[in-house]
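Below is one structure, written out as structure tokens; comments come after it.
No lab work stands behind these numbers, since they all come straight from the coordinates. Bear in mind the structure is a predicted one, so any value in this text is a computation, not a measurement. Cβ placement follows ideal geometry from the backbone for every residue including glycine, while neighbour counts extend to all protein chains displayed.
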Amino acid sequence: MRLAGVVRGGVIVPSWFSRHTPRMLKSRTLALLPVVALVAAACGAAAPAAPPPAPTTPVAVGTPAAIATPVAAATAGPVTSAAAGTPMAALAPWQTATLIDVRSGESFTIADLAGSVVVIEPMAIWCTNCLRQQRAVAKALAALEGEDVVYISLDVDPSERPADLAAYADEHGFDWRFVVADRDLARLLAGDLGDQVLSPPSTPKIIVTPDGQVIGPDFGMADAAAVEAEIRAHLS
């Protein structure tokens, strides 16, 4: 069969096959398009899409705390008053420092006095405001006789000697506890309660309640009635 055509009068006349082949190919191509589409769809269904990558948890770097497993810090349990059997507030370092009564030589700490109302009065022998305040305190303590109150005059001038402080207390007839604070104790007080607590002329007063709460410091002169009322407010 001749595919190209025949020559008639010098002109090539296409054969029937060559004339109809493009049309036939086009028809067959169109007929195959749905089949191709079905095959492509089947292939797509047979190969499911890959799942998305699993999320990653960011890892902090730079500090050991961000990497290590957290561990709860050990904390001390509540301090308990042996006398009252009640939970105590956390103790400041100055409350556990050893104090020495300049007249009796007795050693004690503020923590040892748990269950009592404790009043601490920073003072100095040379402080005239302190002497005036202590005279009012003497009257207040007389009115509070029999109550569970411990009053401590704490000399915060490190240059003053225990023997001189004892003589001062005896001279004025003051019968409560007098203590000389060393430099370490003075620093602990100032660090916790502020520098003014070491200024005797401002007549600072600190109260520790029977359950260990620290009140103050308060500053300024108070008469005997005011001192008594303030102490009574904290008696259990």
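Among HIS172, HIS234, what is the fewest-to-most ranking by other Cβ atoms within 10 Å?
In increasing order of surrounding Cβ atoms, one gets HIS172, HIS234.
What is the Rg over Rh value, at two decimals, for the stretch 190-236, using alpha-carbon atoms and the Kirkwood definition of Rh?
0.99
Can you list the residues, at least 5 places off or on another chain, whose amide H is less than 5 Å from the amide H of ASP223, using H built in the peptide plane?
Under 5 Å from the amide H of ASP223 lies no amide H from a residue far enough along the sequence or on another chain.
Can you compute the modelled spin-label distance between ASP182 and LYS139, with each label point 7 Å from Cα toward Cβ, in nm?
About 3.8 nm, to one decimal.
Under the Karplus relation 6.51 cos²θ - 1.76 cosθ + 1.60, θ = phi - 60°, what is the ordered set of whole-Hz ³J(HN,Hα) values for the stretch 189-206, x standing for Gly and Pro?
4, 5, x, 8, 10, x, 5, 5, 5, 9, 9, x, x, 7, 6, x, 9, 10
Report P(r) for the stretch 109-225: all Cα-Cα distances, bin width 5 Å, range 0 to the bin holding the largest distance, values in whole percent.
The calculated distribution, bin by bin, is 2, 11, 22, 26, 22, 13, 3.
Starting from the amide H of ILE110, placed 1.01 Å from N in the peptide plane, find each other amide H under 5 Å away whose residue is 5 or more places distant or on another chain.
Amide H neighbours of ILE110, under 5 Å, 5+ apart: ALA97.
With θ taken as phi - 60° and the coefficients 6.51, -1.76 and 1.60, list the Karplus ³J(HN,Hα) couplings across the stretch 153-169 in order, rounded to whole Hz; mark glycine and proline as x.
8, 10, 6, 9, 8, x, 7, 8, 8, x, 4, 5, 5, 4, 5, 4, 5
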